[in-house]
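Before anything else, here's the structure in question.
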Amino acid sequence: MSYAVKGVFWIGVYLLLILAPLAILLIEPVPPGNGFWWDVSLALGFAGTAMMGILFLQTARFRRASAPFGIDIIYYFHRQIALIALFFILAHPLILLILKPQLVELFKPGVAPGHLWGAVVSTLALVALVVTSIWRKQLNLDYDLWRVLHAVLAVVALGLAIWHVLGVGHYVDTSWRKQLWGTFSLSWLLLLVYVRLMKPWAQLRHPYRVAEVKQERADSWSLTIEPDGHDGLRFEPGQFAWLTLGNSPFALKEHPFSFSGSAEKVPTLTFTIKELGDFSSTIKHVKPRQIAYIDGPYGAFSPDRMDATGFVLIAGGIGIAPMMSMLRTFADRKEQRPLKLLYAYNTWERLTFREELQELEQQLNLEIIWLLKDPPPGWQGESGLITGDLLQRRLPLTDPEQSYLICGPVKMIELTEKLLHQSGVPLARIHSELFDMV
């Protein structure tokens, strides 16, 4: 089964899970309603609650479900769908209050039932979850602290929302409807157990040990780990994994990094990590034999999944890490297809992997285009930013069988994708990896 067919299948599953609770509104017997907008409000409440539940499913990292899209796309979708769920949840009571302003009386102390206050707390938890996620960096929230907070708020928001639905009783007042919502509730609880208990337990049984920490240019460090007492894992060049270092996998202290080593050198795994603050700044202090855990591999950003006559790799900054995995793998496989690497960075002296890339250029059918924002005196190569003119001059844009892989800052990816498409490259041939997932 192709990835396209699998993608359509999983989209259908997602829509079914979202719409299933809404079917409760349409199946007899239906309690007497209060008009069209009243029913719309209830539908929004049901849909918003169902979407909140599916948000758990999206971050459970099921490989079969994420494989057609890439886990980075799943996480971006997760972020956007959370905003829609929040809109539905907020619209639900707002419409009711507009239709019947006297409902405000229910919020007087001692009047409102517990499940109504549960809905209020659930909504506030969902608002806090969205705000702390979108503006985490602006709020200076530590990543590890944010992950714990995110998990707690998500459980509170969904748990109280379900309590509210069951407590109100409308449209869930028959035994089979209660059983249906009970099944949904149990499924979400089991999913939580799987993500927070079963997966960490599996990682705990397959530890890794740090073999080497190597300093690279531009405040970057290559971390190499080896399996401790097991066979390790296989990955495709360009993929990534969540890394837990020096902590239990139950501690919610995992971080996503691309593999930078060759996929042919497993079970040894190498990640190249740039110092950007928080966890990444601690890599240089890691000692050999320190324990590590891996959740992966993930990602659809791999030439192994593409039928192409050649590859154009476009990297910016530490986006070179997955490209190095591809090039090192190509070298080990004696790849003969034509390759181009457009590597954009600020200065020549800080170009990560500069010397090894020059060696790979001799081993492979590879041409490297260095693009410097601040070139040294006498520089004869390309300078400035990525432009349509640069792409048209230096890349094989007219070959419909080439695949283009882009990784780097989000703005660079968006600009490059736009310029490639404007130059006639089919969208199906453009692939990108989005680092800023969380």
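Starting from the coordinates of the alpha-carbon atoms of the range 3-202, obtain the Kirkwood hydrodynamic radius over all distinct pairs and give the value in Å to one decimal.
Hydrodynamic radius (Kirkwood, Cα only) of the range 3-202 equals 18.2 Å.
For Gly310, what residues show an amide H to amide H distance below 5 Å, using hydrogens built from the backbone and excluding near sequence neighbours?
Placed amide hydrogens put Ser403 under 5 Å from Gly310.
Have a look at Pro322, Leu189, Trp242 and report the one farthest towards the positive end of the charge dipole of the chain, computed about the Cα centre with Cβ charges (Lys/Arg +1, Asp/Glu -1).
Working it through, the farthest residue towards the positive pole turns out to be Leu189.
OK, next. Roughly what % antiparallel, to the nearest 5, for the DSSP beta bridges in the chain?
That works out to approximately 50 percent antiparallel.
Using modelled backbone amide H atoms (1.01 Å from N, in-plane), which distant-in-sequence or interchain residues come within less than 5 Å of Ile369's amide H?
Leu341, Leu342, Tyr343
What FRET efficiency do you get for Lys287 and Thr309 if R0 is 35 Å and r is their Cβ-Cβ distance, rounded to the nearest 0.05?
With a Förster radius of 35 Å, E is 0.15.
Give the lysines reachable from Lys6 as a straight Cα distance under 25 Å; neighbours fewer than 8 places away on the same chain don't count.
Leaving aside lysines fewer than 8 places away in the same chain, those within reach of Lys6 are Lys199.
Here's another thing I want to ask about it. Would you kindly state how much longer the chain becomes between Ala4 and Arg61 on full extension, computed as 0.36 nm times their sequence separation minus their alpha carbon distance, in nm to one decimal?
18.6 nm is the gain from fully extending Ala4 to Arg61.
Roughly how many debye, to the nearest 20, is the charge dipole of the chain about its Cα centre, given +1 on each Lys and Arg Cβ, -1 on each Asp and Glu Cβ, and no other charges?
The dipole magnitude comes to about 800 debye.
Pick out, in residue order, every one of the trypsin sites (Lys or Arg not before Pro) in the range 310-349 that is DSSP loop and has at most 11 other C-beta atoms within 10 Å; say none if there are none.
Of the trypsin sites (Lys or Arg not before Pro), the ones in loops of the range 310-349 whose Cβ has at most 11 other Cβ atoms within 10 Å are Lys334.
Follow-up. Which of the lysines could a cross-linker bridge to Lys100, judged by Cα under 23 Å and excluding same-chain residues fewer than eight apart?
Leaving aside lysines fewer than 8 places away in the same chain, those within reach of Lys100 are Lys108.
What net charge do the residues around Leu366 carry, taking every other residue with its C-beta under 15 Å from that of Leu366, with Lys and Arg at +1 and Asp and Glu at -1?
Local net charge: 0.
May I pose another question? Using per-residue counts of other Cβ atoms within 10 Å, averaged over each peptide, order 201-212, 47-58 from highest down.
For the peptides 201-212, 47-58, the packing ranking is 47-58, 201-212.
Say the dipole of the chain comes from +1 at the beta carbon of Lys and Arg and -1 at that of Asp and Glu; which of Leu341, Thr268, Ala91 then lies farthest toward its positive end?
The listed residue farthest towards the positive side: Ala91.
Here is a follow-up. Near the amide H of Glu212, under 5 Å away, which other amide H atoms are found, from residues 5 or more places off or on another chain, if H is placed in the peptide plane?
Thr224
Hey, another quick one. Which of (i) 31, 27, 21; (ii) 46, 25, 21; (iii) 37, 22, 21 is the computed semi-axes √(5λ) of the Cα gyration tensor in Å for the structure on display?
The listed entry that was calculated here is (ii).
A further question follows. As I understand it, the dipole of the range 293-438 uses +1 on the Cβ of Lys and Arg and -1 on the Cβ of Asp and Glu, about the Cα centre. Which of Met306, His431, Thr416 lies farthest toward its positive end?
Thr416
Still on this structure, I have one more. Along each principal axis of its Cα atoms, how long is the range 303-434 end to end? Whole angstroms, biggest number first, please.
41, 35, 26
By how many nm would the segment from Tyr76 to Glu105 lengthen if fully extended, with 0.36 nm per residue of separation less the alpha-carbon distance?
Gain on stretching Tyr76 to Glu105: 6.5 nm.
Using the structure shown, select from Lys214/Lys274; Lys137/Lys274; Lys137/Lys418; Lys373/Lys411 the pairs with a Cα to Cα distance greater than 20 angstrom.
Distance filter (> 20 Å) returns Lys137/Lys418.
I would also like to ask the following. Counting only C-alpha contacts under 8 Å and six or more residues apart, can you give the relative contact order of the range 3-202 as a whole percent?
It comes to 23 percent, rounded to a whole number.
Could you work out how far the C-alpha centroid of the range 309-373 sits from that of the range 205-237, in angstrom?
If you average the Cα positions of each part, the centres end up 21 Å apart.
FYI, it's all coordinate maths here, none of it is from the lab. Source: prediction; values computed, not measured. Don't worry about glycine lacking a Cβ; one is built from the backbone with ideal geometry, like all the others, and counts go over all protein chains shown.
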